[in-house]
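J.: Following this message is one structure expressed as structure tokens.
The values are calculated or read from the model by the stated rules, or taken from the named source; none is laboratory data. Worth saying up front: this structure is predicted, and the values here are computed from it rather than measured. Don't worry about glycine lacking a Cβ; one is built from the backbone with ideal geometry, like all the others, and counts go over all protein chains shown. Calculation scope for accessible area: heavy atoms of the full protein, side chains included, ligands and nucleic acids excluded. Shrake-Rupley method; radii C 1.70, N 1.55, O 1.52, S 1.80 Å.
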Amino acid sequence: QVQLVESGGGLVQAGGSLRLSCAASGRTFGTMGWFRQAPGREREFVAAISRSGGKTYYADSVKGRFTISRDNAKNTVLLQMNSLKAEDTAVYYCAADLRVRVSVVEAEYDYWGQGTQVTVSS
């Protein structure tokens, strides 16, 4: 059974940091990514990483502040979020797919976690 379980969300002040973790089980995944959905808005791409970890992509809004990484031995993907802003407040979702090629397209991900809330107070 495929499962993606996120953890690490919470409440933080603007300028602070959080680290999200996604534990995957049931399959060996190719590309993995993070998406987020703020209240009243559509879900949007945040970051993605290739199977090897050699390629990463970021949304312009988080570039330079967020870092995605993965540990294939533990089947986990991390999102280190620094210099958080109020506009980063959202539910963050881990996503995974069997494709090796890294993707920034939501529709190309077949597996999703339940989400973890990140709230940044200004």
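J.: Residues in region 8-21 that are in a strand (DSSP E or B), in contact with a strand residue (DSSP E or B) (Cβ under 6 Å, 6 or more places away or on another chain) and either more than 13 Å from residue 77 (Cα to Cα) or open to solvent by 60 Å² or more (accessible area, probe 1.4 Å) (or both): how many?
T.: 5
J.: Let me ask something additional. Of the residues in region 72-105, how many are open to solvent by less than 70 Å² (accessible area, probe 1.4 Å) and modelled with pLDDT of 95 or more?
T.: Residues in region 72-105 being open to solvent by less than 70 Å² (accessible area, probe 1.4 Å) and modelled with pLDDT of 95 or more: 19 in total.
J.: Taking the stated definitions as given, is residue 29 of a type in the set (Phe, Trp, Tyr) and at pLDDT 95 or above?
T.: no
J.: Okay, moving on. Of everything in region 22-52 that's among the small types (Gly, Ala, Ser) and either touching a Pro at 6+ places or on another chain (Cβ under 7 Å) or surrounded by 15 or more Cβ atoms within 10 Å (Cβ to Cβ) (or both), which residue is farthest from residue 102 (Cα to Cα)?
T.: Once the filter is applied, the top-ranked residue is 23.
J.: Taking the condition in a strand (DSSP E or B), of a type outside the set (Gly, Ala, Ser), surrounded by 14 or more Cβ atoms within 10 Å (Cβ to Cβ) and free of Cβ contacts under 8 Å to residues at least 24 places away in the same chain, does residue 119 pass?
T.: So residue 119 fails the test.
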